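Reading through the structure tokens given below for one structure.
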Amino acid sequence: MAAPRSFVWSRRIFLTLLAAFVALPVFVMVSSSLKPLQDVTGEFRWIPSGLTIRPYFDIWETVPLADYFVNSLIVAGAATVCSVVIAVFAAYAVSRYSFRGKRVFTVTVLSTQMFPGILFLLPLFLIYVNIGNATGIALFGSRGGLILTYLTFSLPFSIWMLIGYFESVPRDLDEAATVDGCGPLGALFRVVVPAAIPGIVAVAVYAFMTAWGEVLFASVMTNETTRTLAVGLQGYSTQNDVYWNQIMAASLVVSIPVVAGFLLLQRYLVTGLTAGAVK
């Protein structure tokens, strides 16, 4: 049965307005990144009077953007790998085995998402400083400390997501792998993990995006040498001027890895989030 014409046109109008609402800020960012600074700070024009790509070259000289880019890649990549590896083992154990405290563990993991991140800022700062003073291990102001910090946010959600996805994988596959001579780890890596690739990809994308765009902890837990992109963008605002065209250009450049990864892994991401949320 065909939908009423009024519904079809209402849907078209709504989707058109929604697309315009989403595309408008992107258009302003792109157009501002192609303008000279005096045009950006002057009267706003929808159609730029003059275009230049100079801001895309200046962004690498105004601040050490390349160093921030490397720091973000290392921190986000390491946090993603650690989060996925730990979550796979934890979720497999919870979904396949019964043990005392299993329900308490799952509830505790999920309940950590209720607290705002700023609540952990001071405790983590004091822990890192005290560990550094007692052992000489520099967690505060280091990439390793920032990676551990991001694990506290991404790991609980990753475990919870993979528990739901692993439970959707039939246990008969584990039993068939056991009959073929596989142990628990063999069944995990040869049967369960290949069947759960969409869920694992969804967890990896979530962990990477969480670490890539985080600002609060990165602004406190880093220094000049370990600063990430999200914090480094503040360098385009000085006491004398704000380089709005370079800010827009740098923001677009910074978003490329996340957007490209999302587009490449979109089908896995949608499948993984849907299957994990059902459980």
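Tabulated values for the structure
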read-out	value
Residue, modelled with the lowest pLDDT, within the range 177-216, restricted to residues that are within 30 Å of residue 72 (Cα to Cα), open to solvent by 20 Å² or more (accessible area, probe 1.4 Å) and among the small types (Gly, Ala, Ser)	213
Cross-chain or 6+ apart pairs with Cβ under 9 Å, the range 10-27 first and closer than 28 Å to residue 251 by Cα, then open to solvent by less than 90 Å² (accessible area, probe 1.4 Å)	26/252
So residue 28, is it part of a helix (DSSP H, G or I) and within 27 Å of residue 203 (Cα to Cα)	no
Residue match in the range 167-176 (condition: within 16 Å of residue 86 (Cβ to Cβ), open to solvent by less than 20 Å² (accessible area, probe 1.4 Å) and touching a residue at least 24 places away in the same chain (Cβ under 8 Å))	no
Top-ranked residue of the range 121-166 - restricted to ones that are assigned to a loop (DSSP other than H, G, I, E, B) and open to solvent by 50 Å² or more (accessible area, probe 1.4 Å), ranked as modelled with the highest pLDDT	140
Unique residue being surrounded by 14 or more Cβ atoms within 10 Å (Cβ to Cβ) and over 30 Å from residue 142 (Cβ atoms) when the list is 48, 25	48
Condition met for residue 56 (in contact (Cβ under 8 Å) with a residue 24 or more places away in the chain and open to solvent by 40 Å² or more (accessible area, probe 1.4 Å))	yes
Any hit, the range 67-78, residues being open to solvent by 80 Å² or more (accessible area, probe 1.4 Å), in contact with a helix residue (DSSP H, G or I) (Cβ under 7 Å, 6 or more places away or on another chain) and modelled with pLDDT of 90 or more	no
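The values are calculated or read from the model by the stated rules, or taken from the named source; none is laboratory data. Please read these numbers as outputs of a predicted model, since none were measured by experiment. Please note: Cβ atoms are built from the backbone with ideal geometry, for glycine as well, and neighbour counts cover all protein chains shown. Side chains are part of the model used for accessible areas, which takes the heavy atoms of the whole protein and leaves out ligands, DNA and RNA. Shrake-Rupley method; radii C 1.70, N 1.55, O 1.52, S 1.80 Å.
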